[in-house]
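Engineer: Okay, handing you the structure first.
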Amino acid sequence: MSKVVLITGCSTGIGRDLAQRLTQLGYTVVATARKTETMDDLECALKLPLDVTQSDSVNNAVAQTFSQFGQIDFLVNNAGYAIRGALEEIPDEQTQQVFDVNVFGVLRMIRAVAPHMREQKAGRIINISSIGGKLSTPANGTYSATKFALEALNDALRLELSPFGIHVISIEPGAIKTQFDETAQSHGRDILSNKKSPYQPLYQKSDEFAESMRQQEPGPDVVSKVVQRAIESSNPKPRYLAGVAFPSNLVIMYLRDLVWDMALKRMFTFVPQKEIQ
Ligand SMILES: NC(=O)c1ccc[n+]([C@@H]2O[C@H](COP(=O)([O-])OP(=O)(O)OC[C@H]3O[C@@H](n4cnc5c(N)ncnc54)[C@H](OP(=O)(O)O)[C@@H]3O)[C@@H](O)[C@H]2O)c1
């Protein structure tokens, strides 16, 4: 049997594109999504319901995969979303929800799959992180906090699991054209549209910046190709950038603190709006 790949968040975007690509390449793909009808047109080996915030849902999906195929060679933790807004203005409940998907969701998946991979003495866990896990920007700090957390988990897990023959790999995409931006805006809608917010000028700058990025965003296939490399490499790297163009890649790798703070100050310095009663 061909290698088995379990992917979370296949309803749209990167997860969906990856499920299609790997299926075409002959992998046994187990595509998962919260709503299975969103995957009706995918031709994967198995399609399962999976909400990464629900332990029962995670455990059921992993158990069904093992009972059908007896192995999981690659786990791709892709499900994730962002919320826009200044840290002060995002309610705790929404912050907790995004951590529940982007960080605890990944942990739930790993706890369910790693024991089987340890028994197999082989496997790769591929976590879709972000350049937001390297660089934190105003009005995007909550999302970045989740991806920084994921980067920290990756770095520890890589060494914890390598003695068992398991590779842990972080994929760090730049801005990619998917549902992601719309979801981020919709989660922050009440915050971003509050005309009384002292952060309103920041939200406008952030919006303009997002709009300019949208013009140049590559499609999700750019990320899928990098995940394929991470899967097929005989000696995978701990992390791969995906769709991160020069000079951001240079900044991330070499010049981060120095250049990053200077660039952010130029882009996001704003005069707070007076409190409106
Ligand atoms: N697009 C970008 O610019 C970008 C850049 C860097 C990193 N990323 C990362 O790439 C990954 C995929 O994002 P995308 O760009 O493909 O965005 P997307 O099109 O919005 O896809 C996000 C996926 O996550 C799923 N999801 C959300 N909450 C979930 C939950 N509780 N349980 C299971 N699935 C859940 C969504 O399912 P529903 O349809 O059910 O909501 C959807 O399938 C994310 O981890 C994101 O942080 C994206």
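Engineer: To the nearest 0.05, what FRET efficiency results for GLU119 and LYS177 with a Förster distance of 35 Å applied to their C-beta separation?
Structural biologist: So, using R0 = 35 Å, E works out to roughly 0.35.
Engineer: What is the packing order of peptides 111-121, 34-44, taking the mean over residues of other C-beta atoms within 10 Å and listing the highest first?
Structural biologist: 111-121, 34-44
Engineer: Given a cut-off of under 8 Å on Cα pairs at least six residues apart, what relative contact order in percent is computed for the chain?
Structural biologist: Once divided by the residue count of the chain, the mean separation gives 18 percent.
Engineer: May I pose another question? Of the options THR23, SER248, VAL103, report the single residue whose Cα projects farthest towards the positive end of the charge dipole of the chain (beta-carbon charges: Lys, Arg +1; Asp, Glu -1).
Structural biologist: Ranked along the dipole, the leading option is SER248.
Engineer: Based on the alpha-carbon set only, what is the convex hull volume of the chain divided per residue, in Å³?
Structural biologist: Residue-normalised Cα hull volume stands at 131 Å³.
Engineer: Turning to a different aspect of this structure: How about LYS195: which aspartates and glutamates have a C-alpha closer than 18 Å to its C-alpha, ignoring those fewer than 8 places off in the same chain?
Structural biologist: GLU88, GLU89, ASP207, GLU208, GLU275
Engineer: Which lysines does LYS225 reach when only Cα atoms under 24 Å apart count, and residues fewer than 8 places away in its own chain are ignored?
Structural biologist: Reachable lysines: LYS3, LYS47, LYS134, LYS147, LYS177, LYS237.
Engineer: Give me the dipole magnitude in Debye, nearest 20, for the chain about the Cα centre, with unit charges on the beta carbon: positive for Lys and Arg, negative for Asp and Glu.
Structural biologist: Using only the charged Cβ atoms, the result is roughly 580 debye.
Engineer: Report the paramagnetic label zone for LYS205: residues of segment 131-146 whose backbone N is under 15 Å from a point 7 Å from Cα along the Cα-to-Cβ axis.
Structural biologist: Taking a point 7 Å out along Cα→Cβ of LYS205, the residues of segment 131-146 whose backbone N falls under 15 Å are 136-141.
Engineer: I've got another one for you. Could you tell me the relative contact order of segment 1-105? Use alpha-carbon pairs under 8 Å, at least six residues apart, and round to a whole percent.
Structural biologist: 28 percent
Engineer: Could you work out [θ]222 nm for the chain from helices alone, using -39500 (n - 2.57) per DSSP H run of at least four and dividing by all its residues? Round to the nearest 500 deg cm²/dmol.
Structural biologist: -14500 deg cm²/dmol
Engineer: Continuing with the same structure: What does the charge count around LYS177 come to, taking other residues whose C-beta lies under 14 Å from its C-beta (Lys +1, Arg +1, Asp -1, Glu -1)?
Structural biologist: Cβ neighbours under 14 Å give a net charge of -4.
Engineer: Set Lys and Arg Cβ to +1 and Asp and Glu Cβ to -1, take the dipole of segment 113-229 about its Cα centre, and tell me which of SER144, LEU161, VAL222 lies farthest positive.
Structural biologist: LEU161
Engineer: Right, another one. Taking the Cβ of ALA139 as the center, what net charge do the other residues with Cβ under 12 Å away carry, scoring Lys and Arg +1 and Asp and Glu -1?
Structural biologist: -2
Each reported figure results from applying straightforward, stated rules to the coordinates on display, with no laboratory input. Here the structure is a predicted model, which is why all the values come from computation and not from measurement. As a convention, Cβ positions derive from the backbone with ideal geometry for all residues, glycine included, and neighbour counts pool all protein chains shown.
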